[in-house]
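Reading through the structure tokens given below for one structure.
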Amino acid sequence: MEEKNLSNPSGEDTEEVAVAPTSKEVKASIAQEVKALMEWISDCCPSFTFFTFETQLVPKVLALGRLFVQLFLCMRQEQFQATHPQPEAGYKRIDPKPRLLGTFFGKVRYWRTYFYREGSGYYPLDVELGLTGDGFRIIE
């Protein structure tokens, strides 16, 4: 998976990705982006004022936050698939579907399994995580 969130300061995940990344792929993206961030700091250190540095750092940190949220969600989906090999009685399992989740860090795309039966269905991972149908979390 090629993650381009660090170059997207708005936090909007606009790329359509057909296949869910694995947690291993997301971890590799995080490592790559942390390395790139450290190199950026080394490059800008001699010439930036603190204000310039901080202003340019904030969107980069938010992008890293989105990657960490994506890792959490990816790991939870992998855990769900491993612990729920069969859907509930009367339901059919449908392959994971993508969704954008609004977070403090910006929108994050993740994938989750859908359980369906005639006339209704639901995303059990969303229920486990306390996520609502509108792409945000339930405030506790």
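The values are calculated or read from the model by the stated rules, or taken from the named source; none is laboratory data. As the structure is a prediction and not an experimental result, all values here were calculated from the model. Cβ coordinates were reconstructed from backbone atoms using ideal geometry, including for glycine residues, and neighbour counts include every protein chain displayed. SASA here: full protein model, heavy atoms, side chains in, ligands and nucleic acids out. Shrake-Rupley method; radii C 1.70, N 1.55, O 1.52, S 1.80 Å.
Does the stretch 82-92 include one or more residues that are under 17 Å from residue 19 (Cβ atoms) and surrounded by 13 or more Cβ atoms within 10 Å (Cβ to Cβ)?
Looking through the stretch 82-92, none of the residues is under 17 Å from residue 19 (Cβ atoms) and surrounded by 13 or more Cβ atoms within 10 Å (Cβ to Cβ).
Can you tell me how many residues in the stretch 103-122 are of a type outside the set (Lys, Arg), touching a residue at least 24 places away in the same chain (Cβ under 8 Å) and open to solvent by 50 Å² or more (accessible area, probe 1.4 Å)?
3
Within the stretch 1-41, which residues are open to solvent by 80 Å² or more (accessible area, probe 1.4 Å), modelled with pLDDT under 65 and part of a helix (DSSP H, G or I)?
Listed by number, the list holds a single entry, 7.
Filter the stretch 47-75 down to residues that are more than 10 Å from the chain's Cα centre (by Cα) and of a type in the set (Phe, Trp, Tyr) and give me whichever is nearest to residue 27 (Cα to Cα).
Ranking the candidates gives 53 first.
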